[in-house]
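The values are calculated or read from the model by the stated rules, or taken from the named source; none is laboratory data. From a predicted model like this one, the values you see are computed outputs, not experimental measurements. Please note: Cβ atoms are built from the backbone with ideal geometry, for glycine as well, and neighbour counts cover all protein chains shown. What goes into the accessible areas is simple: the full protein's heavy atoms, side chains included, and nothing from ligands, DNA or RNA. Shrake-Rupley method; radii C 1.70, N 1.55, O 1.52, S 1.80 Å.
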Amino acid sequence: MLRPISFLIIAGALFQSGCSTLSVDAEVDTRPASERNYPNGLAVSALSCTGCHADTAGQSIPSLAGRSADQLLASLRVYGQPDTGTTVMHRIARGYTDEQLTALADYFAEQA
Amino acid sequence: MALDTNLLSRRKLLAAIASVTLISASDLKAFAQTRAKVVVIGGGFGGATAARFIKSYLPNAHVTLVEPNPIFTACPFSNLVIGGQRSIADQEFGYRGLVGDSIEIAQALATDVDSQARTVTLDNGSVLRYDRLIMSPGISIRWDALEGYDRAAAELMPHAWKAGAQTVLLRRQLEAMENGGTVVMSAPAAPFRCPPGPYERASLIANYLKTEKPASKLIILDSKDTFSKMPLFQEAWAEHYPDHLEWRGASNDGRVNRVAADTKTLYTDFDEIRADVANVIPPQKAGDIAERAGVADATGWCPINATSFESTRQPNIHVIGDATIANPMPKSAFSANLQAKVCAASIARLLSGNDALPTTLANTCYSFITSDRAVSIAGVYRNDDGAFSSVDGAGGISPLAADASIREAEALQAEDWFRTITSEAFG
Ligand SMILES: Cc1cc2nc3c(=O)[nH]c(=O)nc-3n(C[C@H](O)[C@H](O)[C@H](O)COP(=O)(O)OP(=O)(O)OC[C@H]3O[C@@H](n4cnc5c(N)ncnc54)[C@H](O)[C@@H]3O)c2cc1C
């Protein structure tokens with residue numbers, strides 16, 4: 001069975017832990033898990049990452065799932081700095097706010 | 001948390017709910033909605049991905065994928081087959097993974113769509129009902145757009161813009177050509193599938209000529225004056241193929257307006273060029289079924305609401321991938337796969353009585369410039385209020401004048417990307 005992205009757990013955890021909001025990408029999902037049969041906004045924005053980043057690391061593209069949120073966020077912030085770096089990640093990370101990068105780092109850290 | 005666990009607990013919960021008499025209206029609604037019928041037309045990068053993600057978001061939905069071919073042959077990396085680095089078998093993917101996900105495969109061509117009755121008719125006579133239809137039919141060649149270029153001509157001057165027999169034909173023609181021969185490629189005006197694709201192919205053909213047939217040359221006749229990753233390609237061509245590749249833009253009489261397949265001649269306004277091997281990349285449009293379904297407009301492509309991917313012309317039909325008008329997102333496998341996932345999420349939300357959510361989307365396309373070096377372009381987009389836009393300050397191409405190590409690193413990343421995207425689509 002496909003395991004794309006687990007989408008049931010994130011919004012609650014994120015907001016309880018007092019993280020900043022993710023503009024329109026985030027929403028508080030107060031329904032019980034049994035009724036949530038669709039992904040929330042954060043899970044949807046994480047879909048851009050999984051076309052390259054698989055569950056297991058490739059020869060040069062690392063996997064994101066299960067790495068610590070701090071470690072992921074630190075990398076994303078380095079990528080996001082203006083006018084540095086040569087990889088696609090530098091060019092991509094600049095398109096995200098710090099709030100969005102934080103939420104994505106937390107999200108992938110939750111994907112065991 | 002693994003999806004399987006979620007599924008299991010949801011099923012248990014539903015069973016528990018059903019076993020007591022007190023069932024709330026919202027529980028019933030959620031239960032019924034997941035039984036929705038979703039039909040997907042096209043088992044390529046968009047369609048196969050969409051079917052799998054619909055099934056994972058709505059495990060109880062009945063998902064049918066309509067695709068006439070038992071094996072899908074991928075276009076990305078097919079230029080490496082033409083260049084001699086890869087075999088066509090490395091491009092082939094079956095649908096066993098989808099069957100394993102309990103997706104029904106209808107091995108047939110969709111011949112009609114009735115958006116009022118919500119039915120899809122197949123060439124084997126069967127009729128499928130849907131609550132939501134996803135169309136990812138890719139491209140069709142415009143056989144009427146370039147004088148002299150019809151289906152018979154394509155057997156002599158292959159387009160190789162749909163991977164498979166055409167790819168192998170072009171490779172064989174290059175292998176059979178004598179040292180000293182002239183290869184001519186014609187590149188179309190935008191929009192077309194894979195904007196950097198012709199130039200990656202040109203690089204890899206030039207690489208083959210330089211190493212195996214050094215007295216030969218490739219001429220690109222282009223209907224445009226600018227193209228994707230142009231500075232990077234031009235830099236690579238000057239460095240690697242100064243004697244083996246010549247590019248002629250539209251203002252330099254590069255636009256091909258007629259071909260003669262029997263003599264392998266390409267005609268521009270003022271010139272005629274005879275080829276030993278000709279690769280004609282013709283004008284394109286959305287896959288034919290799009291017009292039949294009424295989702296294509298006068299341009300031949302499909303306008304959509306960018307947030308939900310629903311057609312602006314027909315209700316309950318969502319269109320993704322190359323067939324759509326989604327610029328600034330390019331017509332790439334990366335885009336098709338991502339649009340499929342976001343569309344699946346939107347449909348899951350819509351069927352649960354929620355609105356589709358706007359989000360941030362990214363795209364990355366790698367192109368090989370030699371057998372082991374690649375360059376890239378990336379973009380970041382939003383799909384707020386039903387329209388796509390680029391995020392300012394993000395995206396762009398690989399640095400110019402970069403070390404070989406940077407180009408080699410991007411070639412390795414390209415290989416990882418191909419592996420990941422095909423496993424997301426086909427399992
Ligand atoms: C040479 C080349 C190189 C490329 N390289 C890259 C690259 O490096 N990176 C990248 O991201 N993209 C690349 N692309 C682009 C990529 O191939 C397309 O963007 C991608 O395939 C689009 O996906 P799709 O689902 O829209 O169409 P497709 O993948 O073409 O799938 C369409 C499917 O629909 C089926 N179909 C059509 N009509 C019907 C019908 N009536 N009934 C049932 N089924 C039907 C077809 O059989 C096909 O299987 C390249 C393309 C080319 C030509």
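Over the range B:185-329, the reciprocal of the mean inverse Cα-Cα separation, the Kirkwood hydrodynamic radius, stands at 17.0 Å.
Only DSSP H runs of four or more residues enter the estimate; each adds -39500 (n - 2.57), and after division by the residues of chain B the mean residue ellipticity at 222 nm equals -10000 deg cm²/dmol. A cut-off under 11 angstrom between Cβ atoms defines the neighbours of A:G85, and their net charge, with Lys, Arg +1 and Asp, Glu -1, is +1. The alpha carbon convex hull volume per residue for chain B rounds to 151 Å³. Rolling a 1.4 angstrom probe over the protein heavy atoms with all chains in place gives the range A:39-112 an accessible area of 40 Å² per residue. Charging the Cβ of each Asp and Glu at -1 and of each Lys and Arg at +1, and nothing else, the dipole of the range B:61-216 about its Cα centre rounds to 340 debye. Of the residues making up the range B:95-132, those losing 30 Å² or more of accessible area when the isolated chain is joined by the remaining protein chains, with a 1.4 Å probe, are B:D101.
Taken about its Cα centre, the range A:39-112 carries a charge dipole of about 220 debye when Lys and Arg each add +1 at the Cβ and Asp and Glu each add -1 at the Cβ. For chain B, the residue among B:V295, B:A414, B:Q314 whose Cα projects farthest onto the positive side of the dipole built from Cβ charges is B:Q314.
Hey, can you list the residues from the range B:35-64 whose accessible area shrinks by 20 Å² or more with all protein chains present, relative to the chain by itself (probe 1.4 Å, no ligands or nucleic acids)? Checking the loss per residue gives B:R52, B:F53, B:S56, B:Y57. Positive-end ranking of B:L174, B:L338, B:S389 along the dipole of chain B, with charges on Cβ about the Cα centre, is headed by B:L338.
Taken over the range B:281-359, the ratio of Cα radius of gyration to 2.2 N^0.38 Å equals 1.08. The alpha-carbon atoms of the range B:225-265 define a convex hull whose volume equals 100 cubic angstrom per residue. Using a Gaussian network model on chain B with a 10 Å cutoff between Cα atoms, which of B:R255, B:R292, B:R52 fluctuates the most? Between B:R255, B:R292, B:R52, it is B:R292 that shows the largest mean-square fluctuation. With both residues required to sit in the range B:151-280, DSSP beta bridges show an antiparallel share near 30%. Around the amide H of B:T324, modelled in the peptide plane, lie the amide H atoms of B:C302, all under 5 Å away and 5 or more residues distant in sequence or on another chain. Here the protein assembly as shown exposes an accessible surface that is 51 percent carbon and sulfur, computed with a 1.4 Å probe and the other protein chains kept in place. Remark on B:A296: its backbone amide H falls under 5 Å from those of B:E291, a criterion applied only to residues 5 or more positions apart or on other chains, H modelled at 1.01 Å from N. 3J(HN,Hα) along the range B:262-275: 5, 9, 6, 10, 10, 10, 9, 4, 10, 9, 10, 10, 8, 10 Hz, from the Karplus curve 6.51 cos²θ - 1.76 cosθ + 1.60 with θ = phi - 60°, whole Hz, x for Gly and Pro. For the range B:190-268, the equivalent ellipsoid derived from the Cα gyration tensor has semi-axes of 20, 18, 11 Å, listed largest first. Averaging over all projection directions, the Cα-based convex hull of the protein assembly as shown occupies 24.6 nm² in the image plane. Please build a GNM for chain B, connecting alpha carbons under 10 Å apart, and tell me which residue among B:G379, B:G83, B:G138 fluctuates the most. Per the Cα network of chain B with a 10 Å cutoff, B:G379 tops the list.
Summarised in one figure, the compactness ratio Rg/Rh of the range A:39-112, Cα atoms and Kirkwood Rh, is 0.93. Let me check I've understood the local charge: for B:G83, count other residues with C-beta under 12 angstrom from its C-beta, Lys and Arg +1, Asp and Glu -1. What total comes out? That sum, taken over residues with Cβ under 12 Å, equals 0.
Which one of B:P196, B:A326, B:I273 is farthest out on the positive end of the charge dipole of the protein assembly as shown, using unit charges on Cβ (Lys, Arg +1; Asp, Glu -1) and the Cα centre as origin? Sorting the options by dipole projection puts first B:A326. In this structure, the residue pairs whose Cα-Cα separation is over 26 Å, taken from B:K224/B:K285; B:K229/B:K285; B:K162/B:K224; B:K162/B:K341; B:K37/B:K341; B:K213/B:K285, are B:K213/B:K285.
Take the accessible area of chain B alone and of chain A alone, subtract that of the pair, and you get about 4400 Å² summed over both chains, using a 1.4 Å probe.
Heavy-atom accessible surface of chain B, averaged per residue, reaches 38 Å², computed with a 1.4 Å probe. Each residue of the range B:148-155 was assigned a 3J(HN,Hα) from its phi angle through the Karplus curve 6.51 cos²θ - 1.76 cosθ + 1.60 (θ = phi - 60°); the sequence is x, 9, 10, 4, 5, 4, 5, 6 Hz, with glycine and proline shown as x. Taking Cβ atoms as reference points and 11 Å as the exclusive limit, the residues near B:A402 contribute a net charge of -2, counting Lys and Arg as +1 and Asp and Glu as -1. Overall, chain B carries a charge dipole of about 1340 debye about its Cα centre when +1 sits on the Cβ of Lys and Arg and -1 on the Cβ of Asp and Glu, all other atoms neutral.
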